[in-house]
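The structure appears below as structure tokens.
The values are calculated or read from the model by the stated rules, or taken from the named source; none is laboratory data. Model, not experiment: these values are computed from the prediction. With ideal geometry, Cβ positions are generated from the backbone for all residues, glycine too; neighbour counts draw on all protein chains shown. All accessible areas refer to the heavy atoms of the entire protein, side chains included, with ligands and DNA or RNA removed. Shrake-Rupley method; radii C 1.70, N 1.55, O 1.52, S 1.80 Å.
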Amino acid sequence: MSDSLETVAAEVSSCRACPRLVRWREDVAVEKVARFRDWGYWGRGVPGFGDPLAHLVVVGLAPAAHGANRTGRVFTGDRSGDFLYAALHRTGYANQPTSVSIDDGLELTGAFITAAVKCAPPANKPTPAERDACRPFLERELALLPERRVLLALGQFGWDVVCSSLGVRPRPRFGHGAEADLPGGLTLLGSYHVSQQNTFTGKLTPAMFDAVLARALA
């Protein structure tokens, strides 16, 4: 049977391979924060989202507990997503600057967004075993995006997982704006993660991230 992005998405959403992550994502979905008490949380693994003919693949760390773990779409419903999708809209990859729910009409053109780990982890820190257990999902997503040309890793974690997934040795050094040529005509770009910690402190500004996306377009 041939693989497909739809098959991967179904398997991600039903995966229970990592007991700690399953317990955490489901506990969060029951013990909701007050501002989302009326939401029916997704509480499962979160697959990638975007254009199946994307030339740009953005790889983050993992779903946020009250973001994608709530809404069911990667980088949707939290401050990181607000920053990311506003930038994608400015550079023409997204049809709108906001991403608040799975049915809000957001569409991506030329871009696919995913995460190295598909379940929300406690303290946003997956273990090495959880990272490795989830990596085949990312590898399958990458293999199923035939037009991919640029991989944009958000943070050191995403950078390392992309390199491992593609068997890149020696591993190039991560940094904001870092660029490395990969086998098969691919280019790996690095950016500081779009986390609230980075964007609120000014470690990552809209102009800095726009410059990385402009390089991806180029």
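Results, tabulated for the structure shown:
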| quantity | calculated |
| --- | --- |
| Convex hull volume of the chain per residue (C-alpha atoms, cubic angstrom) | 119 |
| Heavy-atom accessible area order for Val12, Val100, Val30, largest first, 1.4 Å probe | Val30, Val100, Val12 |
| Set of aspartates and glutamates with alpha-carbon distance to Lys118 below 14 Å, sequence-local pairs under 8 removed | Glu11, Glu26, Glu130, Asp132, Glu139, Glu141 |
| Long-range amide H partners of Leu182 with built H, under 5 Å | Thr187, Leu188 |
| Cα gyration tensor shape for the stretch 1-130, rounded if a/c is under 1.5, else prolate or oblate | oblate |
| Cβ-placed point charges (K, R +1; D, E -1), dipole of the stretch 1-113 about Cα centre in debye, nearest 20 | 460 |
| Amide H partners (placed H, <5 Å) of Val194, local residues excluded | none |
| Share of alpha-carbon pairs per 5 Å distance bin for the stretch 110-218, given as whole % | 2, 11, 22, 24, 21, 14, 5, 0 |
| Whole-percent carbon and sulfur share, accessible surface of the chain, 1.4 Å | 54 |
| Ordering of 37-43, 137-143, 91-97 by burial proxy (mean other Cβ atoms within 10 Å per residue, highest first) | 137-143, 91-97, 37-43 |
| Fraction of beta bridges assigned by DSSP in the stretch 87-218 that are antiparallel (%, nearest 5) | 50 |
| Mean accessible surface per residue for the stretch 83-218, computed with a 1.4 Å probe while every protein chain stays in place, in Å² | 45 |
